[in-house]
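Enquirer: Have a look at this one before I ask anything.
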Amino acid sequence: MYRKLRPTLTILCVLFFVFSKAQICNGPLNGNYTINKLQPTSGGNFNSFSDAVAALNLCGVSGPVLFTVTQGSGPYNERVVINPVNNASATNTVTFSGNGETISYGTTDTAEHATIKLNGADHIVLEHLVINAIGSTAVKAGIGIQLSNRADSNVISQCSINLGLSTTTAFAGITINTTGASATTAMTGSTCNGNLIMDDTVNGGGYSITTVGTATATNKNNQIIGNYLLNNSAYGVYSVGSENLLVEANNITRPDRTANVTNNFAAIQLGAYNRSSKVSKNIIHNLLISIAAGVGKIYGISLSSCKATLGNENEISNNLVYDLRGNGSVAGIYHTASEFTFYYHNTISLDHAASTAAASTFTKGAHFDGAQSVRFIDNIITVSRGGASAKTCIDFGTMSAVQMNSFVSDNNDLYYGAAQSATNGVGYAGSSVYVTLNDWQTALSKDVHSVSFDPQYSNAAVGYLLPTSLSIDNIGQPLGLTTDIAGNARSSAAPDAGAYEFGTIPFCNAPANVTLTDSIAFWNATAASGYEYSIDQNLYAPASGTNTTDTFTLVNNLTRGAVYYLHVRANCSAGLNSAWVTSAYFVPCNLPQLIITGSRDSFTFCQGDSILLKGNVNPGYTYQWRKNGSKISGATNANYMTHLAGVYELIVAAGPNCIDTSASVNVVVMPLPVPVISYNNGTFSVDQHYSSYQWKLSGNAISGATDSTYTPPQKGTYSVTVTNANGCTGTSAKTTINTTGVEEISGADAIAVYPNPTSGIIQLQAKAPLIISVFNSEGKILLKGENGLQIDLSMLPAGLYWLRLANKEGITVKTIPVTKN
């Protein structure tokens, strides 16, 4: 019978599911909606991302759709999968605007790791979201956002993805065309094209951003622009199988990565089957600043087996690589088995003097092996790193004669500034080191128009590698690049080598000791008619600044937790100027030690009371209280009054990058006691034991009446106030006694109750009808009968109850315990 019914039941269940889901679809979505978990899914609001996506997947769209996450409504703990949206297009985009709210997901599924997954969805915009891909005890892995299964033309912008500083590579920020559980395994038979990843922050994890295709199915026209990729353990940007990929203006650094001492790392990696791709205007720096003993191999930009072709060359241009640190092997560019690549206008500085790298390691400005048809032109490489490693500006490894003949290297500045030796110098090829540029030129007939001069960087300590040396001005050849790393126009006739077009050479000495603090900016005086200065948040010097004849200016209103730059130059005679000198300053947060105190001795108190939670009060800070992980609307002062139980914490902010959260406090609200009194044989008694008692007549305390029983000497309305072991106080219901009324029934002994225990009806034997009330042990009245001699308990669950018997005036005559079976 069951087997015959099973298909029918299955169909009915499916039909019911479809029907029930259809109830929420009143036509395609169009216009503006909110996501707010503090409100139900109704009207224009969705209680969760999942509810919003369910409506999208079911109903589609008929115009542009914007979901705005209500500020203060987070965090959200869920996984979101967006499938293809019916009628979505370049016009009918679907935008999720996060308002800085957080969505977290700790995967327990070994096959699916993503917090947000675009599963074949097109024209989706994800912006202003904070995404935590935190993994779980069962699955130590996570992906912030995953695009797969032909997800095309999507935008991920100004999102912040947090992955933690685990040493595992199972965490990734954004992945394109990957399987559910991998950042580097391509989805078979699929590509993802035309996606834009822009102005996002990815912190931690193994991979910041990956795009993965195959030899026969490459991802096309994806763009990774202007992102801040920090503290990754394996790769910043990782690409395999891409065409027309643009990786531009990203900032890749690892200031807080303190583990992975021995691991290899590449800030940007182009692997197999990359062609017609452009890596441009990226800044790669401080990769081992917190790992002084790091001995892994560190690469700025790495190309391996790219397989580009004539007319589909890869271009690496206008990039800045500096201050890689560590004591292992480092290379600004590491190129192997990759044909048809152009390296134009890059600046590479491997000048960490404090390095103690061993002789078994290497320091290579640019390394090439298997480099067929490669052009290396208009670059600056400086090498003066400390330690005993083998050091060269340019290294040809074991390239064949054919590869060597096809390699063009010219118009570069190859400056080797460390001690020269048999293993250290400008270049290496075959098995020989060429100590000077002249040796290199003579032996290989390369770099005929190159030079070897110190470019005299403006301020290498803060990463401002703008050259100031007259010796390298205008040494480049025109290559069709119209702007430099800072967006300044390049000379079309004689451009400068390196990432910066540094223009006019200074005509007088620049100021020294350029310093910025919270309150003042100052610099040393020079032989100049005056100075120009600018204080901003741009690493690059301005076209002009504020004029002054002083050597200082007062400063105020700098945002805590932000980096500011002081740019100063001297005004020379005849309207000429020195080079700009730039100094960076991180405005300290100076957040106070955040401790929550209370207006009481304890965070535990009795119902009806309240507590004032108090945080540190500091002018200029902003505050937000949270209860049980959710922001409390309107609770934005340092103090917060509450009468509700819960786990409270205080968030304090002194700027966008200066945020701290206090340790939580658990507020416990204890219930008040509810005493129940009975009156038998002329004496009141209380149903339970308490710490103290106070009997009252007409609401007034009776002197000396502080026992659990009390025999009233007169008629009146009585109650008792008790205090329990927790110190909480409660008062019983009032009971009125009248000695005349008691005599009408001739005493409590004239009353009989049966059967007891009972399974249903209780019978009473008395000389007059009674008012019968049934109470539970908490004093709550459950049943009441007027002028009767029986009452039915059959509807009550089994347990102990109390019968309160009163005469017709309502005066309690007797209270009897009864048991319901």
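The values are calculated or read from the model by the stated rules, or taken from the named source; none is laboratory data. Keep in mind that what you see is a predicted model, and the values were worked out from it rather than measured. Cβ placement follows ideal geometry from the backbone for every residue including glycine, while neighbour counts extend to all protein chains displayed.
Enquirer: Restricting to region 413-433, and then to whatever is crowded, with 23+ Cβ neighbours inside 10 Å and out of contact with any Asp or Glu (no Cβ under 8 Å at 6 or more places or on another chain), can you tell me which residue is nearest to Ala353 (Cα to Cα)?
Expert: Ranking the candidates gives Tyr416 first.
Enquirer: Identify, please: which residue in region 295-311 is assigned to a loop (DSSP other than H, G, I, E, B) and in contact with a strand residue (DSSP E or B) (Cβ under 9 Å, 6 or more places away or on another chain) and is, among those, modelled with the lowest pLDDT?
Expert: Taking region 295-311 as the starting set, the residues that turn out to be assigned to a loop (DSSP other than H, G, I, E, B) are 295-297, 305-311.
Still in the list and also in contact with a strand residue (DSSP E or B) (Cβ under 9 Å, 6 or more places away or on another chain): 296-297, 305-309.
Working: Gly296: 77, Lys297: 89, Ser305: 93, Cys306: 93, Lys307: 88, Ala308: 94, Thr309: 94.
Among those residues, the one meeting the criterion is Gly296.
Enquirer: If you check Ser432, Ser384, which single one turns out to be small (Gly, Ala, Ser) and free of Cβ contacts under 8 Å to residues at least 12 places away in the same chain?
Expert: On the way: Ser384 fails: free of Cβ contacts under 8 Å to residues at least 12 places away in the same chain.
So the residue among Ser432, Ser384 that is small (Gly, Ala, Ser) and free of Cβ contacts under 8 Å to residues at least 12 places away in the same chain is Ser432.
Enquirer: Would you point out the residue of region 146-166, among those that are part of a strand (DSSP E or B) and among the hydrophobic types (A, V, I, L, M, F, W, C), that is surrounded by the fewest Cβ atoms within 10 Å (Cβ to Cβ)? Walk me through it before giving the result.
Expert: Initially, region 146-166 is screened for residues part of a strand (DSSP E or B), giving 146-148, 155-157, 160-164.
With the extra rule that they be among the hydrophobic types (A, V, I, L, M, F, W, C), the set shrinks to 147, 155-156, 161, 163.
Working: Leu147: 30, Val155: 17, Ile156: 29, Ile161: 30, Leu163: 27.
Step by step, filter region 146-166, then rank; the result is Val155.
Enquirer: Do we have any residue at all in region 487-509 that's assigned to a strand (DSSP E or B) and on the phi < 0 side of the Ramachandran plot?
Expert: Checked region 487-509: at least one residue is assigned to a strand (DSSP E or B) and on the phi < 0 side of the Ramachandran plot.
Enquirer: Scan (1) of a type in the set (Asp, Glu); (2) buried (at least 24 other Cβ atoms within 10 Å of the Cβ); (3) under 20 Å from Glu78 (Cβ atoms) for the single condition Glu112 breaks and write down its number.
Expert: (2)
Enquirer: When only residues in region 473-496 that are under 44 Å from the mean Cα position of the chain (by Cα) and of a type in the set (Val, Ile, Thr) count, which is surrounded by the most Cβ atoms within 10 Å (Cβ to Cβ)?
Expert: Filtering region 473-496 for residues that are under 44 Å from the mean Cα position of the chain (by Cα) and of a type in the set (Val, Ile, Thr), the one surrounded by the most Cβ atoms within 10 Å (Cβ to Cβ) comes out as Ile485.
Enquirer: Of the residues Gly189, Gly173, Gly194, which single one is at pLDDT 90 or above, of a type outside the set (Asp, Glu) and part of a loop (DSSP other than H, G, I, E, B)? I'd like the intermediate steps shown before the answer.
Expert: Numbers: Gly189 fails: at pLDDT 90 or above; Gly173 fails: part of a loop (DSSP other than H, G, I, E, B).
Going through Gly189, Gly173, Gly194 in turn, the sole match is Gly194.
Listed here are the residues, each with its yes/no results for (1) of a type in the set (Phe, Trp, Tyr); (2) more than 49 Å from the chain's Cα centre (by Cα).
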position	(1), (2)
Asn411	no, no
Tyr415	yes, no
Ala419	no, no
Gly425	no, no
Tyr428	yes, no
Ser432	no, yes
Ala443	no, yes
Lys446	no, no
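Enquirer: Taking into account only those residues within region 378-412 that are part of a strand (DSSP E or B) and surrounded by fewer than 23 Cβ atoms within 10 Å (Cβ to Cβ), which is modelled with the lowest pLDDT? Quick ask: steps written out before the conclusion?
Expert: First, the residues of region 378-412 that are part of a strand (DSSP E or B): 380-383, 390-395, 408-410.
In the following step, the residues that additionally are surrounded by fewer than 23 Cβ atoms within 10 Å (Cβ to Cβ) were identified as 390, 408, 410.
Numbers: Ala390: 91, Val408: 96, Asp410: 97.
Restricting to residues being part of a strand (DSSP E or B) and surrounded by fewer than 23 Cβ atoms within 10 Å (Cβ to Cβ), the top hit is Ala390.
Enquirer: Something else: Restricting the search to region 578-605, which residues are more than 22 Å from Ser664 (Cβ to Cβ) and either surrounded by 18 or more Cβ atoms within 10 Å (Cβ to Cβ) or β-branched (Val, Ile, Thr) (or both)?
Expert: Passing the criteria: Ser578, Ala579, Trp580, Val581, Thr582, Ser583, Tyr585, Val587.
Enquirer: For region 539-577, give me each residue that is surrounded by 13 or more Cβ atoms within 10 Å (Cβ to Cβ), within 37 Å of the chain's Cα centre (by Cα) and under 27 Å from Pro467 (Cβ atoms).
Expert: Leu539, Tyr540, Ala541, Pro542, Gly545, Val563, Tyr564, Tyr565, Leu566, His567, Val568
Enquirer: Take region 240-276 and flag every residue that is at positive phi and either of a type in the set (Asp, Glu) or modelled with pLDDT under 90 (or both). Walk me through how you get there before you give the answer.
Expert: First pass over region 240-276, keeping only residues at positive phi: 241, 244, 249, 260, 273, 276.
Asn260, the sole residue that qualifies.
Residue by residue, here is whether (1) at pLDDT below 90; (2) more than 26 Å from the chain's Cα centre (by Cα); (3) surrounded by 11 or more Cβ atoms within 10 Å (Cβ to Cβ) holds:
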| residue | (1), (2), (3) |
| --- | --- |
| Phe16 | yes, yes, no |
| Gln23 | yes, yes, no |
| Pro28 | no, yes, yes |
| Thr34 | no, no, yes |
| Leu38 | no, no, yes |
| Asp51 | no, no, yes |
| Asn57 | no, yes, yes |
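Enquirer: Continuing with this model, one more query. Kindly provide the set of residues from region 204-230 that are of a type outside the set (A, V, I, L, M) and surrounded by 21 or more Cβ atoms within 10 Å (Cβ to Cβ), ordered by number.
Expert: So in region 204-230, the residues of a type outside the set (A, V, I, L, M) come out as 204-208, 210-211, 213-214, 216, 218-223, 226-228.
Listed by number, the residues that qualify are Gly204, Gly205, Gly206, Tyr207, Ser208, Thr210, Thr211, Gly213, Thr218, Asn219, Asn222, Asn227.
Enquirer: Do we find a residue being within 25 Å of the chain's Cα centre (by Cα), acidic (Asp, Glu), closer than 15 Å to Ile301 by Cα and outside the structural domain of Thr341 (by the TED database) anywhere in region 200-223? Let's see the steps before the verdict.
Expert: At the first step, the residues of region 200-223 found to be within 25 Å of the chain's Cα centre (by Cα) are 200-212, 222-223.
Still in the list and also acidic (Asp, Glu): 200.
With closer than 15 Å to Ile301 by Cα added as a condition, the list becomes none.
Looking for residues that are within 25 Å of the chain's Cα centre (by Cα), acidic (Asp, Glu), closer than 15 Å to Ile301 by Cα and outside the structural domain of Thr341 (by the TED database), one finds none in region 200-223, hence no.
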